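The values are calculated or read from the model by the stated rules, or taken from the named source; none is laboratory data. Keep in mind it's a predicted model, so treat the numbers as computed, not measured. Virtual Cβ from ideal backbone geometry, glycine too; neighbours counted across all protein chains shown.
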Amino acid sequence: MDTKTKTIKYENTELRKNLRELRIRTSLTQKDLAHKLGISVPGYSKIETGDTDVNLSRLCQIANVYELPLADLFINEADQKQYPESNLSYLNMLKHKLVQKEMEVSELQKKVIGLYEKLESVSVNGNVMVV
């Protein structure tokens, strides 16, 4: 999947609140973060305020700046405080397994497509039929 073409629409304010909380908690300004991302300050501000759609690639960049898994951008500080560390470790393990399963599903989809293509060229009454 090309992450540069996937855009996250977030009418819900949770992601932008989380981005702002995370930035403030780490003592970064919008200028600091914009510089780290290689974008303008107004460009970053629009992400944080929800005035622009943000693509998955940009969210990955933001997560990398904070050295966090991408999924953690969607978890706010209050949620993190609500669960004990052991639960967070368990959730991180589940996130990791989910990513692995998504990769497995992707590989299986490729195999299904390959099998379907072979099926299309199966011989019919001894004649090879290419569709």
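At-a-glance table
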read-out	value
Test: residue in region 31-50 that is of a type in the set (D, E, K, R) and either closer than 17 Å to PHE74 by Cα or assigned to a strand (DSSP E or B) (or both)	yes
Flag for LEU108 being at pLDDT below 75, over 15 Å from the mean Cα position of the chain (by Cα) and either in a helix (DSSP H, G or I) or surrounded by 15 or more Cβ atoms within 10 Å (Cβ to Cβ) (or both)	no
Flag if VAL99 is of a type in the set (A, V, I, L, M, F, W, C) and either surrounded by 10 or more Cβ atoms within 10 Å (Cβ to Cβ) or at pLDDT 80 or above (or both)	yes
Number of the exception - LEU88 against (1) modelled with pLDDT of 75 or more; (2) surrounded by 14 or more Cβ atoms within 10 Å (Cβ to Cβ)	(1)
